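The values are calculated or read from the model by the stated rules, or taken from the named source; none is laboratory data. Treat the numbers as computed from the prediction; the structure is a model and nothing was measured. Here the Cβ positions follow ideal geometry from the backbone for every residue, glycine too, while neighbour counts run over all protein chains shown.
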Amino acid sequence: MITQKNVNEILEIAKIEDIVEDFVNLKRRGANYIGLCPFHNEKTPSFTVSPSKNICKCFGCGKGGDPVQFLRELENFTFVEALKHIANKYGIKVEEKELSAEAIAEKQLYDSLYLVNGYAKDFYYEQLTETDKGKSVGLSYFKQRGFREGTIEKFGLGYAPASKADFTNAALAKGYNKKLLKRLKLTNQYDGDFFRDRVMFTIRSVSGKVIAFAGRTLSNDKKTAKYINSPETEIYVKSKVLYGAHLAKKAIRQADECILVEGYTDVISLHQSGIENVVASSGTSLTEGQINLIKRYTPNIKILYDGDAAGIKAALRGLDLVLEQDMNVKVVLLPDGEDPDSYMQQVGITAFKEFIAEQAEDFILFKTNLLLAETVGDPVKRAEIIKDIVSSIARIPDPIKRSLYVKQCARLVDIEEQTIINETNKLIAQNIAKGRKKRQINRDRTSVGKPAPSGDRSFPSAPPPMTEGEQLPPDLVNRIRPVDELNQAVGAAYQEKDIVRILVSGGSQIFDEEEKITVAEYILSNIEDVLEDFDNAGYGLIVNEYHQRLLKKKPTDHSYFLNHSDEKIREITTSLLTSPYEYSPNWEEKFEQPLRTQKNPEENFTEDSIYSLRTFKQKKIHQMRLDVSDKVKVASEKGDFDEMMKYMKVKKKLDEVYNELALQTNTVVIK
C-alpha cells in the first residue's frame, strides 16, 4: 500500500499531457492538445487533453479522466499500478506500507498473470546468461547475430532449457500457482514446460509489462516449428500487439514514421543500431488493432520486405486495412535473400539508412508495378490485376489523395482515367452499402433479447454510500440514468448538470473574500431543501456526497470524483470537466482584446454560481408550478372548491417567486 503522502506527491506532479503522450501523438490546438483516441477507432481526432485541468476526454466515445484514470482505462492498471507507473516516469520513490498477509494474497491474485510472466522472463534470462547450456547454445546464437549484452538484457532475451519441466518445477518451488502457469500456457497440460530448448523473446505491452513469449528453435529438424508463441490469454491478444512498441513509441513520434518489419531479431538489430522507430508484426498480416496502435503515434508507415515475391503478395492483401485508416504507406523491397537484420549487417547502418530512404515507394504504386509485371501478354490476368489495384484505391477515404492515385495508376496501366474513376466509384458505393448492412446486423444482434429502453435504466447498479454506513435514498437510486443521457441533459436536467459542474470544477474556490465562503458552501446552503429532488440521480449522487463531505469538513475537489470508487461517477466527472469548445486565446494574444466585463471562463466561479443557482431555482419553481396546476385541475374536476382555492394561492405565490427569478435571469415573466 502506497502512503497517502506519497500518493499526493505523485498526483501533484503528474501532467496529463506527459502521460498521454506516451500513448497518443498529440498536436497543440489553442490551450489544449488533440489526437486520435486510443480507446476507439477514429479517423478524425476527437481526443482532447487539457493541461490546465489535467484531464483528457474523447468526445467520440466519452472515455478519459485524469492521469491515473487514463492509465487505468487504457492499460487495465489498478490504481496502485497507475501510481507506480507515474512515479517511475518522474523518478519519484514509491513509499509503501507493510501489507498484511490478506492484502498480499489479494494483490498477488489480481496481478498474478503479470507476476508469473515477470518471473518467467527472469528465469529464461538467467538460464541464458548463467548456465553452461544457455551460454553455449542460446547466448552464442544471440552474439552471432551481433547482439550486445545490454541489448540482450533490454529486450529480455533468454533460453528455455531442454529438460521436461525445469521451468515449471522452479516456478512451483518459488510458490507460483500451477493453475496460473497453465493459464498462461507456460506449463502444458502434462505438467511439463511449454517452451523447451528454445531461445526466448519477451513480448511486452505498450507500457512495458510482460504479456507473452516467443520461442525459436535452433534445431535443423524441419518437423520442428521454427517459432512457437504463447497462446492468447486475458493479458495477451496477438492482433493488438506489436513487438518492440514499448521501446519504439517515443522514437516513432519524433520521426513521425513507424518502420514495420516481420521478425523479432530485425527489431532488435535495428534498434541496437540506432533505428529505434521500429516494430514487428510477429509474422502476421497487419490487423486493425495493430494499425490503430501505430496510428496513435503517426499516420506514416514504412514496411520493409525481403525479396520473397510470394510472401510480399500475401502481405499486400492485408494492407488495404491500412489504407482504410487513411494512413500513408511506403514499401521498401530488400535485395533477394536478405532480411532487415542480415542486410544491415552486410552493408552497415549508414548505407542501410540511405537504402530504405531512397528505395521507399508508395504502396499503391509499388503494388501496381509489382502485379503488372506478371501480366505481360495476358489481357485477362491484366484486367483482374487492375481491378485488384482499383479495389485498394477505393479504400482510401481522402478524396483528394484518391484522385491523385487514380491519375498515376491510369498512366501506369495505360487506361483512360475516367474508366478507373467509374470503377472506383462503384466499389466505394458497394463498400458504403456493406458497411451499413454490417452496422445494422450488429445493431440487430445487440438488441436481441434486450428490453425496450425506458427512463428507469439503472446507473450505477450498486452506488457507493455517501458516507460510512449511509446509503442513498431508494427513490434516488432508481432514477439514476446512464452517462450518455446525462451528457445530453436539457431543461431542468441541464440546470442540475450546471450546478454539479460548478461544484466539481470549482467548489473549493472562494466565493466571497470578506466572509471567506467557498463556492460549494454558497451553492449547497441554497439548495439543501432540494438535494433529494434531483431529476437526474447521477448528478444527485454527486451533489449529495459533496454535501455530506462538506458537513464533515472534508476537503473535496475534482480529483476526489475523478478517482472515485464508482466508475460511473468518474465518467460523469470527466464529462463535466471537459468541453469540445474553448475560449480562444487569440482575443488577448493576437488581437489584444482581453475580456473586460468579467473574468476568464475558468476563473469566473462567482458570477457563474450566482446565475446557475438562479436558473436552477427557476426551473425547480417552474416544475412545482406545473405540479400545483395539475392539483388545481384535479380539485376542480372533483368540485372541491376549498382544495382548489388552496392550491391556487400556492400557485400565485410560486408565480411571484418565479417572476422575481425571471427578472434576475432576464427570462420570460409570467403575466
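Pairs under 6 Å by beta carbon, first residue at negative phi in the stretch 44-72, partner in a helix (DSSP H, G or I) and among the basic types (Lys, Arg), six or more apart or different chains?
Gln69/Arg570
Residue pairs, Cβ under 6 Å, 6 or more apart or interchain, first in the stretch 152-170 and at positive phi, second modelled with pLDDT of 95 or more and not in a helix (DSSP H, G or I). List them.
Gly156/Thr202
Show the residue pairs meeting these rules: Cβ distance below 9 Å; 6+ apart or different chains; first residue within the stretch 636-657 and within 16 Å of Lys619 (Cα to Cα) and in the same structural domain as Gln618 (by TED's automatic domain parsing); second residue small (Gly, Ala, Ser) and part of a helix (DSSP H, G or I).
What qualifies is Lys651/Ser629.
Taking the stretch 312-367, which residues are touching a residue at least 60 places away in the same chain (Cβ under 8 Å) and of a type in the set (Asp, Glu)?
Once the filter is applied, which keeps residues that are touching a residue at least 60 places away in the same chain (Cβ under 8 Å) and of a type in the set (Asp, Glu), the stretch 312-367 yields Asp320, Glu324, Asp326, Asp339, Asp341.
Is it the case, given these coordinates, that Ala214 is of a type outside the set (Ser, Thr, Tyr), out of contact with any Asp or Glu (no Cβ under 9 Å at 6 or more places or on another chain) and surrounded by 15 or more Cβ atoms within 10 Å (Cβ to Cβ)?
yes
If you scan the stretch 630-645, which residues turn out to be in a helix (DSSP H, G or I) and surrounded by fewer than 14 Cβ atoms within 10 Å (Cβ to Cβ)?
Asp630, Lys633, Val634, Glu637, Lys638, Phe641, Asp642, Met645
Take the residues of the stretch 258-287 that are among the acidic types (Asp, Glu) and within 16 Å of Thr151 (Cα to Cα): which is surrounded by the most Cβ atoms within 10 Å (Cβ to Cβ)?
The selected residue is Asp266.
Yes or no, residue by residue, for (1) touching a Phe, Trp or Tyr at 6+ places or on another chain (Cβ under 7 Å); (2) at pLDDT below 75:
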site	(1), (2)
Leu577	no, no
Tyr581	no, yes
Thr606	yes, yes
Phe616	no, yes
Lys620	no, yes
Arg625	yes, no
Val668	no, yes
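Can you confirm whether the stretch 374-382 contains a residue that is part of a helix (DSSP H, G or I) and within 24 Å of Gln325 (Cβ to Cβ)?
No.
Among the residues of the stretch 143-198, write down those that are of a type in the set (Ser, Thr, Tyr), touching a Phe, Trp or Tyr at 6+ places or on another chain (Cβ under 8 Å) and surrounded by fewer than 22 Cβ atoms within 10 Å (Cβ to Cβ).
Tyr176
Taking Val49 as the residue in question, decide whether it is more than 10 Å from the chain's Cα centre (by Cα) and either assigned to a strand (DSSP E or B) or in the same structural domain as Arg395 (by TED's automatic domain parsing) (or both).
Here the answer is yes, as Val49 does meet what is asked.
Being without any contact (Cβ under 8 Å) to a residue 60 or more places away in the chain, farther than 20 Å from Val206 by Cβ and touching a helix residue (DSSP H, G or I) at 6+ places or on another chain (Cβ under 8 Å), is that true of even one residue in the stretch 20-39?
Scanning the stretch 20-39 turns up no residue that is without any contact (Cβ under 8 Å) to a residue 60 or more places away in the chain, farther than 20 Å from Val206 by Cβ and touching a helix residue (DSSP H, G or I) at 6+ places or on another chain (Cβ under 8 Å).
Take the stretch 217-256 and flag every residue that is among the polar types (S, T, N, Q), in contact (Cβ under 8 Å) with a residue 40 or more places away in the chain and surrounded by fewer than 18 Cβ atoms within 10 Å (Cβ to Cβ).
The answer is Thr233, Ser239.
Scan the stretch 1-43 residue by residue and report those that are on the phi > 0 side of the Ramachandran plot and part of a helix (DSSP H, G or I).
none
Got a sec? Which helices (runs of 4 or more DSSP H) wholly within the stretch 468-547 have at least 3 residues that are under 20 Å from Leu576 (Cα atoms) and modelled with pLDDT of 70 or more?
Where helices (runs of 4 or more DSSP H) fall fully within the stretch 468-547 and carry at least 3 residues being under 20 Å from Leu576 (Cα atoms) and modelled with pLDDT of 70 or more, they are 491-506, 519-526.
Residue check: is Thr78 touching a Gly at 6+ places or on another chain (Cβ under 9 Å), surrounded by fewer than 17 Cβ atoms within 10 Å (Cβ to Cβ) and more than 23 Å from Ala248 (Cβ to Cβ)?
no
Filter the stretch 394-404 down to residues that are in contact (Cβ under 8 Å) with a residue 40 or more places away in the chain and within 18 Å of Gln430 (Cβ to Cβ) and give me whichever is surrounded by the fewest Cβ atoms within 10 Å (Cβ to Cβ).
Among those residues, the one meeting the criterion is Pro397.
Of all the residues that make up the stretch 2-30, how many are out of contact with any Asp or Glu (no Cβ under 6 Å at 6 or more places or on another chain) and farther than 20 Å from Lys295 by Cβ?
Residues meeting the conditions: 13.
For (1) under 22 Å from Gly263 (Cβ atoms); (2) within 35 Å of the chain's Cα centre (by Cα), each residue gets a yes or a no:
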position	(1), (2)
Asp339	yes, yes
Ala360	yes, yes
Lys367	no, yes
Leu370	yes, no
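Answer yes if at least one residue in the stretch 391-403 is among the polar types (S, T, N, Q), over 23 Å from Tyr305 (Cβ atoms) and within 36 Å of the chain's Cα centre (by Cα), and no otherwise.
Checked the stretch 391-403: at least one residue is among the polar types (S, T, N, Q), over 23 Å from Tyr305 (Cβ atoms) and within 36 Å of the chain's Cα centre (by Cα).
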